[in-house]
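Data first, discussion second: the structure below is written as structure tokens.
Derivation of every value follows stated rules applied to the coordinates shown; laboratory data play no part. The structure displayed is predicted, hence computed values, not measured ones. Glycine gets a Cβ as well: all are built from the backbone with ideal geometry, and neighbour counts include every protein chain shown.
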Amino acid sequence: GEDVEQSLFLSVREGDSSVINCTYTDSSSTYLYWYKQEPGAGLQLLTYIFSNMDMKQDQRLTVLLNKKDKHLSLRIADTQTGDSAIYFCAESTPGNQFYFGTGTSLTVIP
Amino acid sequence: EAGVAQSPRYKIIEKRQSVAFWCNPISGHATLYWYQQILGQGPKLLIQFQNNGVVDDSQLPKDRFSAERLKGVDSTLKIQPAKLEDSAVYLCASSPTGTRDKNIQYFGAGTRLSVL
């Protein structure tokens, strides 16, 4: 399968911005996604970006895509304690196959 | 609209026993996925259905895992016999078939399996 890599942990103070990074290997990816997983719950889609875009903003969330470097990031502005969770990036291929990263555990310190 | 439903939420079995999980996707979603999520890892696709046909089962350990979606709606995933390394959360997801949305997956809460 394809490799999708993320750093494992991130801690930020409440009110600061969080930036979660992801790298992937498949240059033919069609969509890239960010999912949030809270303890004991399934994955919740936060946002996604089409591979021919380089930025997408949705309220407190900003997604940046550098297709040349195969790098995706998620910025959360004004991070709140309710944002504490595991964040997964994922990519889909033209064949509609999905590959998930290992997840980044975000801890928000009050 | 109702989300993806899975049952049971938790299951504890001994190794070599059998277990089955059930998934009801969002109404009208033609594509259904089963994932295995081992603690500390991202979800790994086991099998993908389009209606009642299998699209991708390349990562399904077919000697012990089986899945079906006979009427193109609900699906069951079975493990027989279970091994210790099968302890994981089994996630079901579905996606619609519209061109614009077909790549967005909606996940159920998962079934947490512990094999002792």
Given the convex hull over the Cα atoms of the range A:21-110, what projected area results after averaging over all orientations, in nm²? 5.9 nm²
Extended-chain gain in nm, criterion 0.36 nm per residue less alpha-carbon gap, B:Glu68 and B:Ser27: 13.0 nm
For the range B:54-101, what size does the Cα cloud have along each of its three principal axes, sorted from largest down, in whole Å? 40, 21, 19
Modelled label-to-label distance, A:Ser17 and A:Arg75, 7 Å Cα→beta-carbon offset: nm? 0.3 nm
Whole-angstrom Cα spans of the range B:19-95 along principal axes, big to small: 35, 24, 20
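Within 10 Å of each Cβ in A:28-41, how many Cβ atoms from other chains are there, averaged over the peptide? If you can, show how the numbers build up before the last one.
Numbers: counts 0, 0, 1, 3, 0, 3, 0, 4, 0, 7, 0, 0, 6, 4.
Mean number of neighbouring Cβ atoms from other chains: 2.
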Given the options B:Tyr90, B:Tyr35, B:Tyr106, which has the most mean-square fluctuation in a GNM of chain B, springs set between C-alpha atoms less than 10 angstrom apart? B:Tyr106
Distance in nm between B:Gln59 and B:Ala20 label points, each 7 Å along Cα→Cβ, equals 2.6 nm
Could you check which residue among A:Lys68, A:Lys36, A:Lys56 shows the biggest mean-square fluctuation in a GNM of chain A with a 10 Å Cα cutoff? A:Lys68
Could you name the lysines whose alpha carbon sits less than 30 Å from that of A:Lys68, not counting residues in the same chain fewer than 8 places away? A:Lys36, A:Lys56, B:Lys44, B:Lys102
Among the chymotrypsin sites (Phe, Trp or Tyr not before Pro) in the range A:9-50, which ones are in a DSSP loop with at most 11 other Cβ atoms within 10 Å of the Cβ? Mind listing them? none
B:Val115 neighbourhood, Cβ < 12 Å, K/R = +1, D/E = -1, net charge +3
Which whole-number percent gives the relative contact order of chain A, counting Cα pairs below 8 Å spaced six or more residues apart? 38 percent
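To make sure I understand, if each residue's beta carbon is the centre and we count other beta carbons within 10 Å, what order do A:Asp3, B:Asp63 fall in, fewest to most?
Numbers: A:Asp3 11, B:Asp63 8.
Going from least to most buried by this count: B:Asp63, A:Asp3.
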Got a sec to turn the phi values of the range B:22-31 into Karplus ³J(HN,Hα) couplings, 6.51 cos²θ - 1.76 cosθ + 1.60 with θ = phi - 60°, whole Hz, x for Gly and Pro? 10, 9, 10, x, 5, 4, x, 7, 7, 9
Expected max-MSF residue from A:Ala90, A:Ala77, A:Ala41 in the GNM of chain A (alpha carbon, under 10 Å) is A:Ala41
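What is the ratio of the Cα radius of gyration of the protein assembly as shown to 2.2 N^0.38 Å, where N is its residue count, to two decimals?
Normalised Rg, Cα atoms only: 1.02.
Return the percentage of antiparallel bridges among DSSP beta bridges fully within chain A, rounded to the nearest 5 %.
Values: 39 of 44 bridges.
Within chain A, antiparallel bridges account for around 90 percent of the total.
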